[in-house]
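Worksheet for the structure shown next.
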Amino acid sequence: MLSREENELLTRVGPGTAMGYLMRCYWIPALLSEEISSADGAPVRVRLLGEDLVAFRDSQGRVGLLGEHCAHRGTSLFFGRNEQCGLRCIYHGWKYDVDGHVLETPAEPAESDYRSKLRHIAYPCQEIAGIVFTYMGVPEKMPLIPRYEWAELQPRQMFAVKSLLECNYLQGIEGDFDSSHTSFLHNNDINNAERLKRDGAPTLEAEETGYGMRAISIRKFGTEQIYVRTSPYIMPSFSIVPGPPTAKFEEDDIRGFRFWVPIDDGFTWLYILNMRKKPFADEERKALRSWTDGEYRRKRNRHNDYLINRELQRTRIYSGIEAINPAEQDGCATESMGPIFDRSKEHLAYSDKTIIALRKMLLNALDGLARGQEPAHVIRQESERDFLRLRSAKAILPTGTDWCKVMEGLGENDA
Ligand code: FES
Ligand SMILES: [Fe+2]
């Protein structure tokens, strides 16, 4: 469990908070490229880390992410005219470029140079893998974006799906670092003999790494084998989770790089960047997002009790939630805790070993930040950017194997 104060520290992300400052040390997803697909198209509202912003694509295809409220008297730029390389407020016509320069103030006297003294809130953006990343921190401290596996994949080998989680980001990402729940929450066939062979009480380890942490779980698999999984937690709130034990990345395995991005303290966007060697067909893309609607809301959500089916729960599916994506079952588990669970009320057990380690790492990072230390995984040099081989790993091995060695071969050092 955490003290109330520690819980507050880890979960509050708005401007001026410690965790908000930590999050602002990194490039984070702001929206999908598809949301502003055409130059001079309609701007969209973006709420990120408790700040209200507006994103638009200008005439040259550049993406701008501006403070929502016009610097003049605050009208929302969401209603603005996106024209000739800038977003123009509809109240008095002030016009902004993607960098926040005020280009025109047409209601002012012609000789006025007032506009040159102003600079509107504008966060820099970069588009990679169909995602618009932004940096909201101190401009002089802007880091480089690490190069993960997806930096080298072709667009048709990737597909990003975004979905709303109606609770704090930490509840969401703690699930990715909690291997033991997969035996229960994600058991979609309670009568499956292969699954029954898997041990529900894995041995757990957590190791600090240069990018954050790595969780390791080791399950007995029948009497002669073990099933080992490793999953990275990547600063500030990203993860990679392994697929089913038998799938191979070359063939049918879809690996998911996951970004948990706070909208504010009580809401989160989960971006799942699906990756596979074999290109995704259009039909597959449709299927991958079929559990969300046009507004990126989940079809199974807390307002309809996740469409839980008690008969299925009795006969086949442990959770009673027939999911297309396991994130739907995760959503029920984490949203039903409430927007921000009071972690002073928890009763942590052995199965939470990796979560305890994760919280400790984050609290240490905040402590370091308060003393002027830069947190882990803020990349400053080109030579530090390479995380191309960082991935989750899984393997079924004969009991007694030196799994550490084998997993190293499968995971971060995989060729
Ligand atoms: S409020 Fe935007 S131009 Fe006046
Ligand atoms: Fe899960």
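The values are calculated or read from the model by the stated rules, or taken from the named source; none is laboratory data. Computed from a predicted structure; not experimentally measured. A quick note on method: Cβ atoms are made from the backbone with ideal geometry, for glycine too, and the neighbour counts reach across all protein chains shown. For the accessible areas, the whole protein counts, side chains as well, though only heavy atoms, and no ligand, DNA or RNA atoms are used. Shrake-Rupley method; radii C 1.70, N 1.55, O 1.52, S 1.80 Å.
So, of the residues in segment 1-56 that are touching a helix residue (DSSP H, G or I) at 6+ places or on another chain (Cβ under 8 Å) and among the basic types (Lys, Arg), which turns out to be nearest to Ala370 (Cα to Cα)? Here the answer is Arg12. Test Phe78 against the stated conditions and say whether it is open to solvent by 40 Å² or more (accessible area, probe 1.4 Å) and under 29 Å from the mean Cα position of the chain (by Cα). Here the answer is yes, as Phe78 does meet what is asked.
Of the set (1) over 15 Å from Ala42 (Cα atoms); (2) modelled with pLDDT of 95 or more; (3) more than 14 Å from ligand 1 (Cβ to nearest atom), all apply to Ala110 but (2).
Restricted to segment 310-332, and to residues there that are within 13 Å of ligand 2 (Cβ to nearest atom) and open to solvent by 40 Å² or more (accessible area, probe 1.4 Å), the residue that is nearest to the chain's Cα centre (by Cα) is Pro326. Scanning segment 24-36 for residues being over 15 Å from Asp264 (Cα atoms), open to solvent by 10 Å² or more (accessible area, probe 1.4 Å) and not hydroxyl-bearing (Ser, Thr, Tyr) gives a total of 4.
One residue stands out among those in segment 132-141 that are out of contact with any helix residue (DSSP H, G or I) (no Cβ under 7 Å at 6 or more places or on another chain) and crowded, with 16+ Cβ neighbours inside 10 Å: the one that is farthest from Lys277 (Cα to Cα), which is Gly137.
Which strands (runs of 3 or more DSSP E) sit wholly inside segment 89-137 and have at least 3 residues that are in contact with a Lys or Arg (Cβ under 9 Å, 6 or more places away or on another chain) and more than 21 Å from Gly14 (Cβ to Cβ)? Don't jump to the end; show me each part of the working.
Values: elements: 102-104, 125-128, 131-135.
Answer list for segment 89-137: 102-104.
Those residues that are in contact with a strand residue (DSSP E or B) (Cβ under 7 Å, 6 or more places away or on another chain) and within 16 Å of ligand 1 (Cβ to nearest atom), I need them from segment 53-70; list them, please. Working first, answer last.
In the first step, residues of segment 53-70 are kept if they are in contact with a strand residue (DSSP E or B) (Cβ under 7 Å, 6 or more places away or on another chain); the result is 53-58, 63-69.
Leu53, Val54, Phe56, Gly64, Leu66, Gly67, Glu68, His69, listed by residue number.
Considering only segment 119-164, state which residues are hydroxyl-bearing (Ser, Thr, Tyr) and either in contact with a Cys (Cβ under 6 Å, 6 or more places away or on another chain) or without any contact (Cβ under 8 Å) to a residue 12 or more places away in the chain (or both).
From segment 119-164, those hydroxyl-bearing (Ser, Thr, Tyr) are 123, 134-135, 148, 163; that's our starting set.
The answer is Thr134, and nothing else.
Can you report the number of residues in segment 82-96 which are within 11 Å of ligand 1 (Cβ to nearest atom) and surrounded by fewer than 20 Cβ atoms within 10 Å (Cβ to Cβ)?
Of the residues in segment 82-96, 4 are within 11 Å of ligand 1 (Cβ to nearest atom) and surrounded by fewer than 20 Cβ atoms within 10 Å (Cβ to Cβ).
Residue by residue, here is whether (1) in contact with a Cys (Cβ under 7 Å, 6 or more places away or on another chain); (2) small (Gly, Ala, Ser); (3) open to solvent by less than 70 Å² (accessible area, probe 1.4 Å) holds:
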position	(1), (2), (3)
Lys117	no, no, no
Gly172	no, yes, yes
Phe184	no, no, no
Asn188	no, no, yes
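Would you check which residues across segment 356-415 are open to solvent by 50 Å² or more (accessible area, probe 1.4 Å), under 22 Å from Arg255 (Cβ atoms), modelled with pLDDT under 90 and outside any helix (DSSP H, G or I) and list them? Matches in segment 356-415: Arg389, Ile396, Glu412, Asn413, Ala415.
Contact map, segment 165-188: residues that are over 22 Å from Met361 (Cβ atoms) and of a type outside the set (S, T, N, Q) paired with residues that are open to solvent by 30 Å² or more (accessible area, probe 1.4 Å) and near ligand 2 (Cβ under 9 Å from one of its atoms), Cβ distance under 6 Å, separation 6+ or inter-chain. Pairs shown: Leu185/Ala333; His186/Pro326. Comparison of Gly222, Gly200, Gly294 shows that the only residue that is under 18 Å from Gln329 (Cβ atoms), without any contact (Cβ under 8 Å) to a residue 40 or more places away in the chain and open to solvent by 10 Å² or more (accessible area, probe 1.4 Å) is Gly200.
Filtered by the rule that a residue be modelled with pLDDT of 95 or more and among the hydroxyl-bearing types (Ser, Thr, Tyr), segment 211-240 gives Tyr211, Tyr233, Ser237, Ser239. Of all residues in segment 306-365, those that are on the phi > 0 side of the Ramachandran plot, in contact (Cβ under 8 Å) with a residue 60 or more places away in the chain and aromatic (Phe, Trp, Tyr) total 0.
Taking residues in segment 94-116 that are under 22 Å from Gly64 (Cα atoms), and partners anywhere that are in a helix (DSSP H, G or I), the pairs with Cβ atoms closer than 6 Å and at least 6 places apart or on different chains are Val102/Arg115; Thr105/Arg115. Listed conditions (1) more than 19 Å from Phe259 (Cβ to Cβ); (2) surrounded by fewer than 21 Cβ atoms within 10 Å (Cβ to Cβ); (3) in contact with a Leu (Cβ under 9 Å, 6 or more places away or on another chain) are all met by Tyr21, apart from (1). Kindly establish whether Tyr271 is over 20 Å from Pro202 (Cβ atoms) and touching a residue at least 12 places away in the same chain (Cβ under 8 Å). Criteria met by Tyr271.
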